[in-house]
């Protein structure tokens, strides 16, 4: 299975993301291991690639110039042109924006023409009330603080371990396992950078634009072994003719050790789809013992929203809400194999056709 070169959505500096989580399937917030990150940082400091290769100076200069040119040009482009060029650049074909056929093309259409309620549901703080009403408050990760101003007093009051996040986009996540190993100045600088960014400009996902940036802190969720749990990214395509949910769930396992990525259907059959740049597990993961409950909760959250990706954390038999994503990958995620882009596009079209039939029936 081919690897997919993915941008890192969590690096410092100006946003250069390919959409929420940078993938239509799974790209987790801390997927790279600490060891790998150190290797890459050391290599970068030495002017090398992470595998030890030293790029030639002309190549480095050219790549730097191209990246700078793209960053400058993208700020000036109208949304439609930017989306078309981004799709061509990453997926390899010019998108049919007027008559979408693939999953990515439907997502591009959503980026340009969002539903009003997506803004509320994509706001990581505002959506909590929706989740509370749909599946119950017990499935929400505990909020520690939502400060209007992040100052030293707020930092001092935080527990030893926590997660710092921002509500107005994707990738704004900093896991702190030991507050003694991080300074207030470091977190404050990162928080200010997040809050100054207009996430909607990164990949022109317009429904993020009205969200007022807000910093917040959550309890660090750990499993019984003290590990940050993997999250399931449930791509929800409604139901089939028999009323059975159509779901493709992506998961990255052992993300702080030797990560592997897998995709499963609603019956927990592994599907041959590459998950980011991760290889498939040699042996498919066993079905979670509470899989039926996961499906029930994800379906309840997705009900009436059309296609949506529901992210859930599932440590030790419990289920916690992560986020709702309406434009995963921002329409520029290359599927491997490519036929999946068309297959998921057909599922997307079927959902829209069923929605139109239902609306027409209700109107009559």
Using all C-alpha to C-alpha distances in the range 210-349, build P(r) with 5 Å bins and read off the rounded percent in each one.
2, 8, 17, 22, 21, 16, 8, 4, 1
Could you state the orientation-averaged shadow area of the convex hull built on the Cα atoms of the range 34-363, in nm² to one decimal?
19.4
Quick check: from the Cα gyration tensor, does the range 118-191 come out rounded (a/c under 1.5), prolate or oblate?
prolate
If packing is taken as the average number of other Cβ atoms within 10 Å across a peptide's residues, how do 343-354, 317-328, 64-75 rank, most packed first?
317-328, 343-354, 64-75
Net lengthening on full extension, residue 178/residue 59 (0.36 nm per residue, minus Cα-Cα):
38.8 nm
Could you give the length gained on full extension between residue 283 and residue 223, defined as 0.36 nm per residue of separation minus the Cα-Cα distance, in nm?
19.4 nm
Cubic angstrom per residue, convex hull over Cα atoms of the range 102-232:
138
With r defined as the distance between the Cβ atoms of residue 193 and residue 240 and R0 fixed at 45 Å, what FRET efficiency is calculated, to the nearest 0.05?
0.50
Reduced to Cα centres, the span from the range 96-149 to the range 190-236 in Å works out to 11
Taking every pair of alpha-carbon atoms in the range 151-215, give the share separated by more than 20 Å as a whole percent.
32
Grab the beta carbon distance between residue 115 and residue 142, set R0 = 41 Å, and tell me the FRET efficiency rounded to 0.05.
0.85
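None of the figures in this text is laboratory data; all of them are computed from the coordinates on show. What you see is a predicted model, and the numbers here were worked out from it, not measured in a lab. Every residue, glycine among them, receives a Cβ derived from its backbone with ideal geometry; neighbour counts consider all protein chains shown.
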